[in-house]
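The values are calculated or read from the model by the stated rules, or taken from the named source; none is laboratory data. Since we're looking at a predicted model, the values are computed, not measured. Quick reminder, even Gly has a Cβ in these numbers, built from the backbone with ideal geometry, and neighbours come from all protein chains shown. Ligands, DNA and RNA are stripped out before the accessible areas are found, and what is left, the full protein with its side chains, is counted by its heavy atoms. Shrake-Rupley method; radii C 1.70, N 1.55, O 1.52, S 1.80 Å.
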Amino acid sequence: MANESGFGGDFPLRSISDCPGTVSEQAGKASACQGCPNQAICASGIAKAPDPAIQEIKEKMASVKHKILVLSGKGGVGKSTFSAHLAHGIASDETKQVALLDVDICGPSIPKIVGLEGEQVHQSGSGWSPVYVEENLGVMSIGFLLSSPDDAVIWRGPKKNGLIKQFLRDVDWGELDYLIVDTPPGTSDEHLSVVQYLSATHVDGAVIITTPQEVSLQDVRKEINFCRKVKLPIIGVVENMSGFVCPKCQHESQIFPPTTGGAMKMCNDLNIPFLGKVPLDPRIGKSCDEGKSFLTEVPDSPATLTFDFDHAYDNLPQRLSVRLHH
Amino acid sequence: MRSRREAPKMEEAAPEKDNLASVDHILLVLSGKGGVGKSTITSELALALRNAGKKVGILDIDLCGPSIPRMLNTLNSAVHQCDAGWVPVYVDKEKTISVMSIGFLLETQDEAVIWRGPKKTALIKQFISDVAWGELDYLIVDTPPGTSDEHISVVESLRRYKPDGAVLVTTPQAVSIGDVRRELTFCKKTGLPVLGIIENMSGFVCPNCSECTNVFSTGGGEALAQESGVPFLGRVPLDPQLTRSLEEGRDFIQAFPESATFDAISNIAQKVLNDVGKPSALDT
Ligand SMILES: Nc1ncnc2c1ncn2[C@@H]1O[C@H](COP(=O)(O)OP(=O)(O)OP(=O)(O)O)[C@@H](O)[C@H]1O
Ligand SMILES: Nc1ncnc2c1ncn2[C@@H]1O[C@H](COP(=O)(O)OP(=O)(O)O)[C@@H](O)[C@H]1O
Ligand SMILES: [Mg+2]
Ligand SMILES: [Mg+2]
């Protein structure tokens, strides 16, 4: 499909920065939209037309007190690890009802991290039932819908969005104090869909995870701009894998060096809350691989002295709830 | 030099321009998991292949999180247009490494690219058709994690050029292996040959006491390779010097030729050269 310039594609070289985004009032109408392959869709408003599901999701979410998204522009920084431990941390209070929703459709790691790999979702009268880690901690993930660990989910955006809609609308979540949503890296379909489907409900905000090096921070700044664009409040930023303490000699190494000042400096620069640091600890990785909660596995780690790291995870629910004023 | 990539052109209705016609080999760097070192391996492979006298192009299709411009010190470069299409950014004066990334098309580094699938697909198609690579020995494609729009689109657009195959990157722990298992299925289903698996971030040697800690466990990549009957290309240790080099866009291979990491990377590059560099039946 050659266009006038004789090239195969349709993107004018300089339009990318000016794209107003599909949710904007300017969608499809800005000057940068001329020649964009999506212009017709954006201009028609289909991309932002209210989906009836938004209303249904609003009703479903009426019984969910707090909703927290866990985001990062970068992959492998510990979003799922953090989401799972936040859920475990809150659920250690038996009076709290917690749910963990995994919207990483192509790379669902939550089932493994919470020790539910191989479990299947059950259909109940009122929808899909979450799979329970404990009575007060329910989990939903595409991992529970696959028949083997080799199954690849080779899906383009619309199919992923359809499943996310079902997860929010058709799962029998029940009464919840907290719904924690774990996401894949990036600023694309999954992120736009979660935000749009939850747009008629109150979302407390996003916790953003990063590692200390600039290669990761540069993607995280993009995620922060995404939050600002879609008006998602930022609860704060957690710096993960920050410093490694040799288990033999206690020497601390910066495996992922904060060459531009790390997450704390970024937070200062951008004026957003810094929630704390979690060190690179092989036992965290091991707990995840074994599907156990690190909080109960290693309550008295020696790294606590240096890093206060039990507290990095442990106090988080409290610190979050202060911010959520409840 | 005639390239074997002229062959498919004759079967299909030949387009006026074919910017990949003089590209000898195409490799994709894939992983189901994020942050395992795909961009790192892409950059280091490119540098190692340059050291071996090859001309290399890098196509970065991580549209939401492009890392290659920083890792190859081309952050503030811009793409220009010429008769043949978009001129890639050259890393060195000799023009031995050229790069195309969405990073060069953004006004600021912090800008978020908030796009759904169809738009990502359109840009990737354009990257495949419109970048004037010229003659290349290798084109390496760096990808985001997953098995979705970017991956499906790039494999579809490259099909007629018969890519040599994919290098899969993983870290050793089970959480990462699980995702790479799914990526293997993706390769199988889309008919993309798998050149092998690299286990990255395998072991960290304490600079103070030389104790090696397997921060992310060890051996998972090799076990997966064995189990799936795919070549194991090697293990790269967790090395803060490597992280630093990439942060600053320096050539690790030139800076630390004495390190164990250097050995690991050159061995992998050599394997790729031996495997892929074999003249194919269509080459003359
Ligand atoms: N062997 C290693 N030793 C030390 N640091 C490493 C090593 N491999 C990768 N890194 C660092 O880990 C971080 C993640 O690597 P990289 O960006 O290449 O991953 P990726 O798989 O491309 O991630 P994404 O999925 O987000 O694109 C980078 O900061 C990189 O410098
Ligand atoms: N602080 C930490 N110390 C050691 N390993 C960690 C830490 N945080 C995460 N990990 C490990 O790193 C890997 C990537 O984490 P994961 O939560 O899957 O990242 P994401 O969801 O961002 O892709 C997992 O194997 C996890 O166990
Ligand atoms: Mg994850
Ligand atoms: Mg990358």
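Points to keep in mind about this one:
- Averaged over the residues of peptide A:255-263, the number of Cβ atoms from other protein chains lying within 10 Å of each residue's Cβ is 3.
- Three-way shape call for the stretch A:52-324 based on the alpha-carbon gyration tensor, with the a/c threshold at 1.5: prolate
- In nm, spacing of pseudo-spin labels at B:Gln81 and B:Ala52 (7 Å Cα→C-beta vector): 3.8
- Loop-resident GluC sites (Glu not before Pro) (DSSP state other than H, G, I, E or B) in the stretch B:127-232 with no more than 13 further Cβ atoms inside 10 Å of their Cβ: B:Glu135, B:Glu211.
- Accessible area expressed per residue, the stretch B:23-275, with surrounding protein chains retained (probe 1.4 Å, Å²): 32
- GluC sites (Glu not before Pro) restricted to DSSP loop in the stretch A:130-231 with at most 16 other C-beta within 10 Å: A:Glu135, A:Glu175
- Computed from the C-beta positions of A:Gln55 and B:Glu258 and an R0 of 60 Å, the FRET efficiency is 0.40 to the nearest 0.05.
- The charge dipole of the stretch A:52-324, taken about its Cα centre with unit charges on the Cβ atoms of Lys, Arg (+1), Asp and Glu (-1) only, comes to about 1040 debye.
- Pairs from the list B:Lys55/B:Lys93; A:Lys58/A:Lys96; B:Lys33/B:Lys93 with a Cα-Cα gap above 23 Å: B:Lys33/B:Lys93.
- Label-point separation in nm, A:Ser63 to A:Asp150, each point 7 Å along Cα→Cβ: 4.1
- With eigenvalues of the C-alpha gyration tensor scaled by 5 and rooted, the stretch A:115-248, Å: 27, 21, 17
- Think of each Lys and Arg Cβ as +1 and each Asp and Glu Cβ as -1; about the Cα centre, that makes the dipole of the stretch A:112-216 roughly 480 debye.
- The stretch A:52-324 - accessible surface per residue (Å², probe 1.4 Å): 36
- Once A binds B, the 1.4 Å probe can no longer reach about 6500 Å² of accessible area, counting both sides.
- Two-site FRET efficiency, A:Leu295 against A:Tyr132, from Cβ-Cβ distance with R₀ of 22 Å, rounded to 0.05: 0.75
- Mean separation of Cα contacts under 8 Å (6+ apart) over length of the stretch A:52-324, as relative contact order %: 25
- For the stretch B:10-101, applying the loop criterion from DSSP together with a ceiling of 15 other beta carbons within 10 Å to the trypsin sites (Lys or Arg not before Pro) yields B:Lys93, B:Lys95.
- Gaussian network model of chain B, springs between alpha carbon atoms under 10 Å - residue of B:Gly32, B:Gly134, B:Gly196 with greatest fluctuation: B:Gly134
- Residue-averaged 222 nm ellipticity for chain B, from DSSP H runs of 4+ at -39500 (n - 2.57), nearest 500: -11000 deg cm²/dmol
- Distance histogram for the stretch B:80-148 (every C-alpha pair counted, 10 angstrom bins, percent rounded to whole numbers): 16, 49, 31, 5
- Note that chain B, at 25 °C in a medium of 0.890 mPa s, gets a Stokes-Einstein diffusion coefficient of 128 µm²/s from its Kirkwood radius over C-alpha pairs.
- Element breakdown for the stretch B:23-275 at a 1.4 angstrom probe: carbon and sulfur atoms account for 48% of the accessible area.
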